[in-house]
Amino acid sequence: MVDYDYKKPKSLKEVFGLLKKYGPKATLIAGGTDVMINIRNRELSPEILISLRGLSDLCYIRKNNGYHIGALTTHRMLEQSDMVRAGLSALHDAASQVGSVQIRNVATVGGNICTAAPSADTAGPLLALDATVALEGPNGRRRVPIADFFTGPSETVRKGNEVLVEFDIPEEPGHFGSAYWKHSRRKAMDLPLLGIAVGLALSESQEISNARLGLTVAAPVPIRAYKAEEFLIGKRLGDDVLVEAGKIASSEASPRDSLRGKAWYRREMIEVFVPRMAKLAAERIRGE
Amino acid sequence: MKKVSISFTLNGDKVTAEVPPSWTLLKTLREYFELTGPKEGCGTGECGACTVIVDGKAVNSCIFPIPEVEGKSVTTIEGIASKDGTLHPLQKAFIENNGVQCGFCTSGMIMSAKALLDHNPDPTEDEIRTGIAGNLCRCTGYVQIVASIEKAGELIRQKK
Ligand SMILES: Cc1cc2nc3c(=O)[nH]c(=O)nc-3n(C[C@H](O)[C@H](O)[C@H](O)COP(=O)(O)OP(=O)(O)OC[C@H]3O[C@@H](n4cnc5c(N)ncnc54)[C@H](O)[C@@H]3O)c2cc1C
Ligand code: FES
Ligand code: FES
């Protein structure tokens, strides 16, 4: 069994101090549902864990001038928030399907994104919702669009001395809806073998005024399907248009063969689920 | 190994544990307090056999760092019957409805069900199945477990 020390600072300033003191010997821990597993599997053997759970002021869901979600917000809080269900439906779809109730009660959205697993359930929705990640270090804050955050499997632009503090999500003008499909073999306790998130803005005449597609497990990092988005914008919502968008999105993906699924299968499922999620997003706009 | 002192409420009693900071809540419950109701099945958050309630929420104690329990309230299967020995409605219902076979999953199952019923004593079958989705049972096929939880909900509602 790995032996390590454990500190639970009460402020970000203290966190930065500890990070400076221990450097790479320290690991940040939020809900610990990735960290504790990695320690147990001996993929990680920190000398000290620095808990972020003492930073209770990073645990919130707010709406003013867009949505603001603290990094320490748990999946359970997102699942139980009516504001998230109504306004950020894709994120609600994702958060309510992470692991089990026990996992959702402790696992945080910040941890999900910082782990940067290609299968992270909240990554697709945050891409489709155009989230910005706020990182804070000893020298202040910087903001990074989530589309630029992931640099490789388990790799992000976050520096070792930075803490992810907040997600900011713009409020879309007009009629906006979103949806996320977690494609997995079991209903519960399974990682997705593909994740598809769609955000759509529609005009009164059903013209697509904005579209964003977030795909996970479709490439080494979560990606936006920019070409499919471009194709959709300005078109009237309809089956042919959505089918074509699915094809384009599939061509933008670079999935690999893995134990969970073959690349060709993932490509075909992208073609199937991009239209379905776009329709679900549109139904949600119409309040169906 | 360095030890730390962690104070919390355990099944209604104020307690302090002197354990290494790298211990989990499960290890502390089983090896320091000798409460062996919570079981270690997988040790990685997958099976739910270690489920306990921390401040009203079901958690996997096998991946819950002990320092995070400081000042909190922990309830295990050992703490849900009344002091006079009267079983909790969930315990009664599990016995009467054959919700228990080998019993390895049972304490975790009951703790997940308790966290659910404490907030919602009249759950739908879907809500029950979601509430115990993180608890694996290799014996029962879940049907009797769901029936036991429905029955317990009834018992709890009658008492109110
Ligand atoms: C049984 C089980 C089932 C799971 N099911 C799913 C699932 O269905 N879908 C899914 O996507 N994931 C799943 N996971 C993975 C995990 O639960 C999620 O990734 C979770 O959101 C991680 O959050 P956490 O707070 O527990 O992170 P932690 O384990 O605390 O941290 C994860 C990583 O992020 C870093 N970190 C955390 N917070 C911050 C921060 N604010 N700033 C900087 N760095 C930070 C940590 O140093 C660490 O490297 C599952 C895990 C388990 C054990
Ligand atoms: S032992 Fe904790 S979830 Fe299996
Ligand atoms: S009764 Fe044997 S595992 Fe559930």
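A few points about this structure:
- Contour excess over end-to-end distance, with Cα ends at B:Asp118 and B:Ser7 and 0.36 nm allotted per residue: 37.5 nm
- R0 of 22 Å, Cβ-Cβ distance A:Glu204-A:Lys235: FRET efficiency to nearest 0.05: 0.90
- GNM top mover of A:Val165, A:Val144, A:Val109 - chain A, alpha-carbon springs below 10 Å: A:Val144
- Just so you know, the Rg over Rh for the range B:4-79 is 0.91, from Cα atoms, with Rh as the Kirkwood radius.
- Sequence-distant lysines (8 or more away, or on other chains) whose Cα lies within less than 18 Å of A:Lys13: A:Lys21, A:Lys159
- Backbone N atoms of the range A:263-277 closer than 18 Å to the 7 Å Cα→Cβ label point of A:Val243 belong to residues A:268-277.
- Sorting B:65-74, B:143-152 by their mean Cβ neighbour count within 10 Å, with the most densely packed peptide first, gives B:143-152, B:65-74.
- Crossing angle, helix A:239-252 versus chain A [Cα axis fit, 0-90 degrees, rounded to tens]: 40 degrees
- Applying Stokes-Einstein at 37 °C and 0.692 mPa s to the Kirkwood radius of the range A:5-51, computed over alpha-carbon pairs, gives a translational diffusion coefficient of 303 µm² s⁻¹.
- Among the trypsin sites (Lys or Arg not before Pro) in the range A:207-287, those located in a DSSP loop and surrounded by at most 15 other Cβ atoms within 10 Å of their own Cβ are A:Arg256, A:Lys262, A:Arg286.
- For chain A, the relative contact order comes to 15 percent (Cα pairs under 8 Å, sequence separation of at least 6).
- Model label points for A:Ala263 and B:Lys83, set 7 angstrom from Cα along the Cα-to-Cβ axis, are 6.7 nm apart.
- Sparse packing (at most 14 other Cβ atoms within 10 Å of the Cβ) combined with a DSSP loop state is found for the following trypsin sites (Lys or Arg not before Pro) in the range A:103-202: A:Lys159, A:Arg185, A:Arg186, A:Lys187.
- Mean separation of Cα pairs under 8 Å and 6 or more residues apart, divided by the residue count, gives the range A:57-169 a relative contact order of 27 percent.
- At R0 = 41 Å, FRET efficiency that the Cβ-Cβ distance of B:Asn98 and B:Lys14 yields, to 0.05: 0.65
- Diffusion coefficient (Stokes-Einstein, Kirkwood radius over C-alpha pairs, 20 °C, 1.002 mPa s) for chain B: 135 µm²/s, rounded to a whole number.
- Directionally averaged projected area (convex hull, Cα atoms, the protein assembly as shown), nm²: 22.4 nm²
- Of the residues A:Pro118, A:Pro222, A:Pro275, the one that moves most in a GNM of chain A with alpha-carbon contacts below 10 Å is A:Pro275.
- Computed over chain B, the per-residue total of -39500 (n - 2.57) for DSSP H runs of n ≥ 4 gives a 222 nm mean residue ellipticity of -9000 deg cm²/dmol, rounded to 500.
- The GluC sites (Glu not before Pro) of the range A:191-274 that DSSP puts in a loop, and whose beta carbon has at most 16 other beta carbons within 10 Å, are A:Glu204.
- Equivalent ellipsoid semi-axes - Cα gyration tensor, the range A:57-169, angstrom: 20, 16, 13
- Summarising the overall dimensions of the range A:129-288 from its C-alpha atoms, the Rg and Dmax are 16.7, 51 angstrom.
- Space enclosed by the convex hull of the alpha-carbon atoms of the range B:89-159, per residue, Å³: 70 Å³
- Relative contact order %, chain B, counting alpha carbon pairs below 8 Å whose residues are six or more apart: 23 percent
- Other protein chain C-beta atoms within 10 Å of residue C-beta, averaged over B:125-138: 3.
- Those lysines that a straight Cα-Cα span of less than 18 Å connects to B:Lys14, excepting residues fewer than 8 apart in one chain: B:Lys72, B:Lys83
FYI, it's all coordinate maths here, none of it is from the lab. What you see is a predicted model; the values in this text were computed from it and never measured. Cβ sites come from the backbone with ideal geometry, for glycine too, and all protein chains shown count toward neighbours.
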